[in-house]
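Contents: one structure, followed by commentary.
Throughout, read-outs are computed from the coordinates displayed, never taken from laboratory work. These numbers were taken from a predicted model, which means no experiment stands behind them. We place every Cβ from the backbone using ideal geometry, glycine too, and count neighbours over all the protein chains shown.
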Ligand code: CA
């Protein structure tokens, strides 16, 4: 309704320009500023003619204990101050716009909430710090291409009966040490540590809408439906009613990860909100935080009912302050930005600059695409094709993902690792992390027809993530004529490509022991029986696990796989002519500061053993699974098995 009103005010002008006239609050203190002496509340609601704050004794139910008018303070803000220590109370706001009262909502800046995020909570955040929190320190991390990221859903990690974990489905489940499966193999955080990854990327753990926190066991969700951006999700806490518990328990998780050499990446979803008309953003500033179509409706580049407007100053400010808050208050080490292609590049670069200023070792990566069309032009959004214009931000490479295993949208489609012909160039493109290389023919790459990454750390190399079929299921569907033994080799080859390619490596949890979701493609609301990590697989597929551990170890020991400069990749990597379905390249290890002077990587993506001509030299064959070195060859000829990765070095 407000949009119609704005159109009347600015006839003939695009609605976006109408919002340009809105005041911008540039100061601090949006939300609650707490002290024992007083609590000060500030909201931004430029259209309001009245605003009130309501105080409650509980996070749900009951009548307000007081209702207080707020005072207009300029730049669109309203302020209320309440004397005395208000800790333990809950609060909401409502505003009157054109004579009509809004819904009662917590404001977008809320840092603590009651059950299901309906009311914000007054809380002294220092009481949420676990012991030793001030000394919490992220493990050492030198450069972005050192990142080996492990994507994990909090609940999936521990919910299975065979996880051996006590706090199933909870943040605390990931703080338990010494847990094992039935055969005594490590589970949970001990397993992740054993695997050797550097970063654990947790699927959404801010407060999301879909799971009823009063009975969290009843329903499952990935959590891509944000409710309160600056608060941890209550269903992962042992008590969702006490606002301090979820905060404290999540901090405990971060601290335990850090103590065990693991960094924590947060999956952030600023591109849309779970609620649209009724969201807290839209109740306090109707229309402002969202993009509109020409006819004034909510535009929907996210396929989730709305898309936020990062180009408008107050949402830009919100994103920046929110990410900075997680980094500073919760010691978050990196961000994965959902549908980053919805956001404008200027906002993403401002965020990156500020986060890097505070924490030079932060990592930021995102999906360089959208799920629908946006009214904001392509050229100004953080799309994959614009990656070179992004500042220290990486994008997922769907080119190598689908090059490896086939299109995620065509279920029966195969990729290089499952024997499809003609995928070599997409793999080469991935090997050089989407940078410019004289031996890559960009016209033959599956999707991108140009190098989009300026530097290798702008590319996330992966074969699968939570979306679409997991790799093992994709292979079962697309390579159904292959034997299980063959598919195992395909799976290992796929992960070999990921972990030997330049750029940042990314693994979906459980892939190291052939996790299956029983053929369910997008399991966002499937039950635990589909999503839970089955820890018995660690025993069954120990051979695959040992191989993946070996790949990770090799990558960490050899900087040649982790070059930081595109020009070093262009000069140091040389591809060789090979039969169809085979890729061979060398890396100049000496130049990359590697103890291996020269490395030869051979991928055979075909169903048959191959006799290959390789560069003449004294090559030692490296056994990936156990890290040993086998026979030395000098002949310039070698045999490689079907669906295999072979590493030689000098
Ligand atoms: Ca929630």
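Approximating the spin labels as points 7 Å out from Cα along Cα→Cβ, the residue 357-to-residue 125 distance works out to 1.8 nm.
The stretch 159-187 and the stretch 550-582 have Cα centres spaced 36 Å apart. Rg and Dmax of the stretch 175-266, based on Cα coordinates, read 14.3, 41 Å. Over the chain, Cα pairs under 8 Å with separation of 6+ residues give a relative contact order of 11 percent. By the helix-only formula, in which each DSSP H run with n ≥ 4 contributes -39500 (n - 2.57) and the sum is divided by residues, the chain has a 222 nm mean residue ellipticity of -7000 deg cm²/dmol. Sorting the segments 564-574, 251-261 by their mean number of nearby beta carbons within 10 angstrom, highest to lowest, gives 251-261, 564-574. Restricted to Cα atoms, the stretch 41-141 shows a radius of gyration and a Dmax of 16.4, 56 angstrom. Per q in 0.11, 0.13, 0.19 1/Å, what log10 I(q)/I(0) does a Debye calculation on the alpha-carbon atoms of the stretch 407-526 return? The Debye formula, applied to the Cα set alone, gives -0.37, -0.52, -1.06.
Counting only alpha carbon atoms, the long axis of helix 345-358 and the longest principal axis of the chain meet at about 90°. Ordered by the number of other Cβ atoms lying within 10 Å of each residue's own Cβ, fewest first, 333, 107, 441 fall into the sequence 441, 107, 333. If every alpha-carbon in the stretch 262-373 counts as one equal scatterer, what log10 I(q)/I(0) does Debye give at q = 0.24 1/Å? Debye curve over Cα of the stretch 262-373, log10 I(q)/I(0) at q = 0.24 Å⁻¹: -1.38. Counting only alpha carbon atoms, the long axis of helix 313-330 and the longest principal axis of the chain meet at about 70°. Where the centre of each part is set by its Cα atoms, how far does the stretch 327-404 sit from the stretch 596-650, in angstrom? Between the Cα centres of the stretch 327-404 and the stretch 596-650 lies a distance of 37 Å. With r as the distance between the Cβ atoms of residue 49 and residue 26 and R0 = 22 Å, compute the FRET efficiency 1/(1 + (r/R0)^6) and round to 0.05. So the FRET efficiency works out to roughly 0.45. Dimensions of the stretch 465-560 from C-alpha coordinates, computed as largest minus smallest value along each principal axis and given longest first, are 41, 29, 25 Å.
Against the chain, whose longest principal axis is taken from its Cα atoms, helix 484-500 shows a tilt of about 70°. Assign one of three labels to the stretch 22-68, namely rounded, prolate or oblate, based on the Cα gyration tensor with a ≥ b ≥ c the square roots of its eigenvalues; rounded applies when a/c is under 1.5, prolate when it is not and a/b is larger than b/c, and oblate otherwise. Oblate is the answer for the stretch 22-68, as a/c is 1.5 or above yet b/c matches or exceeds a/b. Kirkwood hydrodynamic radius, the stretch 578-650, all distinct C-alpha pairs: what's the number in Å? Kirkwood radius, the stretch 578-650: 12.5 Å.
With only the Cα atoms considered, the chain has a convex hull volume of 145 Å³ per residue. Summary value for the stretch 235-305: 16 percent relative contact order, contacts being C-alpha pairs under 8 angstrom separated by 6+ residues. The antiparallel fraction among DSSP beta bridges confined to the chain stands at about 70%. Annotation for the stretch 461-536 versus the stretch 230-282: alpha-carbon center distance of 27 Å. Relative contact order, whole percent, for the stretch 502-570 stands at 40, derived from Cα pairs under 8 Å and 6 or more residues apart.
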